[in-house]
């Protein structure tokens, strides 16, 4: 039955226009189940209405519906082509909006999107750096690990502008030291990398760790996504 476009279109309509939150949540749960199959994941990821519907549900739905939508989004974020549509649909902005209430889910998705979304995703995530810093300080072990991994990717791809924003967070170096001492194995490794990036930036040696981005890289980000791009091009380019 799921081989037919009619069935997929029906799911999309319920996801977008279902009469109740429960109906929309069930549609999101169905999408999540289907995205467990690679062929369906790619097929659904090409449907802009599915992607935008999931992002909207994750932003505005009740908690249960949010979780179903976020689970589906995380599956879709494993496909690089789909990540571009997620960024265009405002997924990065969505993670920033829900990060206070659902930090683990938000940061896990942001990590996947930034990892596969290139410089456009990094630019879109620029305003979320301070929130990531808060998760790094106060989140669960898993959330702190994902926050550290996301910040490492952003610093490496975004260049000195991103590192400067991170360094401006009060007490961030102490927080990183704490994660190096008590975090998971991966969390400690990412924290050590993050500290090295900050130290190299402070010494004016960031070129070996970062790539950098400019306004040109971020020009294609949809207006639905919050984007703050530094006006100067990173010296690391």
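The values are calculated or read from the model by the stated rules, or taken from the named source; none is laboratory data. All values derive from a computational prediction rather than experimental measurement. Neighbour counts run over all protein chains shown; Cβ positions are idealised from the backbone, glycine included.
Which of the numbered conditions does residue 101 fail, given that it passes all the others? Conditions: (1) crowded, with 20+ Cβ neighbours inside 10 Å; (2) not in a helix (DSSP H, G or I).
With (1) crowded, with 20+ Cβ neighbours inside 10 Å; (2) not in a helix (DSSP H, G or I) applied to residue 101, the lone miss is (1).
List the number of the failed condition for residue 87; all other conditions in (1) within 22 Å of residue 167 (Cα to Cα); (2) surrounded by 19 or more Cβ atoms within 10 Å (Cβ to Cβ) hold.
The number of the failed condition is (1).
Based on what the data block shows, is residue 96 in a helix (DSSP H, G or I), modelled with pLDDT of 95 or more and closer than 29 Å to residue 152 by Cα?
For residue 96, the condition - in a helix (DSSP H, G or I), modelled with pLDDT of 95 or more and closer than 29 Å to residue 152 by Cα - is not met.
State yes or no: is residue 159 farther than 30 Å from residue 68 by Cβ and either within 15 Å of the chain's Cα centre (by Cα) or touching a residue at least 60 places away in the same chain (Cβ under 8 Å) (or both)?
Yes; evaluated as a whole, the condition is true for this residue.
Here are 66, 42: which of them is within 20 Å of residue 106 (Cβ to Cβ) and within 19 Å of the chain's Cα centre (by Cα)?
The conditions single out 66.
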